[in-house]
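**Q** Dumping the structure here so I can ask a few things about it.
The values are calculated or read from the model by the stated rules, or taken from the named source; none is laboratory data. The structure presented is a predicted model; accordingly, all values stated were derived computationally and were not measured. All Cβ positions, glycine included, derive from the backbone under ideal geometry; neighbour counts span all protein chains shown.
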Amino acid sequence: MNVTRFSPTASRALLATLALAGLAACGGRDRPAADLAASQVTTIGVNSYLWRAALETVSFAPLLQADSAGGVIVTDWYANPDNPAERVKLTVSILDQDLRADAVRVAASRQVNRGGAWVDAPVQAATVQKLESIILTKARDLRRQTVS
């Protein structure tokens with residue numbers, strides 16, 4: 001029986017050629033084309049349009065935490081220079097991988113300075129709703145820009 005032996009270099013080259021031939025056979029012809037503007041974008045764990053829009057919306061405040069896998073953004077206290085006796089802290093949660101109105105939640109804390117001490121104060125519901133609306137609008141705009 002005659003056995004042909006290949007050198008280690010030739011063996012590796014043959015294996016690489018076979019592997020590439022196997023991949024080429026897949027050809028990607030059966031795979032659907034990627035839809036970059038899909039409502040469900042999950043490469044970071046949450047919808048990327050909502051994530052980017054949320055980061056942009058709260059960019060006025062310093063960030064304490066930004067977890068794209070869990071979809072949570074927490075800001076540090078922010079005091080408007082025009083009203084330094086009041087400060088706010090925000091937590092934005094992206095709840096879904098789809099670009100949907102109920103996929104974003106904003107929680108806000110507000111404090112006012114009384115006699116040198118920060119005291120908790122109520123946050124108007126309209127403020128939180130407005131922030132959620134801004135995030136959703138920006139996310140939809142980002143998606144539209146990707147489609148165009």
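Per-residue answers, yes or no, for (1) in contact (Cβ under 8 Å) with a residue 24 or more places away in the chain; (2) within 18 Å of the chain's Cα centre (by Cα):
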position	(1), (2)
45	yes, yes
48	no, yes
62	no, yes
66	no, yes
85	yes, no
93	no, yes
96	yes, yes
119	no, no
142	yes, yes
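**Q** Output yes when any residue across region 100-110 is assigned to a helix (DSSP H, G or I), in contact (Cβ under 8 Å) with a residue 24 or more places away in the chain and surrounded by fewer than 17 Cβ atoms within 10 Å (Cβ to Cβ), and no when none is.
**A** yes
**Q** Taking region 85-99 as the region of interest, how many residues are within 18 Å of residue 120 (Cα to Cα) and crowded, with 16+ Cβ neighbours inside 10 Å?
**A** In the first step, residues of region 85-99 are kept if they are within 18 Å of residue 120 (Cα to Cα); the result is 85-91.
Next cut, crowded, with 16+ Cβ neighbours inside 10 Å only: 87-91.
Qualifying residue count, region 85-99: 5.
**Q** I want to confirm something. Restricting to region 62-79 and keeping residues that are out of contact with any helix residue (DSSP H, G or I) (no Cβ under 8 Å at 6 or more places or on another chain) and under 19 Å from residue 136 (Cβ atoms), which single residue is surrounded by the most Cβ atoms within 10 Å (Cβ to Cβ)?
**A** 75
**Q** Quick one: in region 134-148, of everything that is modelled with pLDDT of 95 or more and β-branched (Val, Ile, Thr), which residue is farthest from residue 54 (Cα to Cα)?
**A** 137
**Q** Could you list, in sequence order, all residues of region 114-143 that are of a type in the set (A, V, I, L, M), exposed (fewer than 14 other Cβ atoms within 10 Å of the Cβ) and in a helix (DSSP H, G or I)?
**A** Scanning region 114-143 gives 125, 126.
**Q** What residue, of 30, 82, is modelled with pLDDT of 95 or more, exposed (fewer than 11 other Cβ atoms within 10 Å of the Cβ) and either of a type in the set (A, V, I, L, M, F, W, C) or on the phi < 0 side of the Ramachandran plot (or both)? I'd like the intermediate steps shown before the answer.
**A** On the way: 30 fails: modelled with pLDDT of 95 or more.
Residue meeting the stated conditions: 82.
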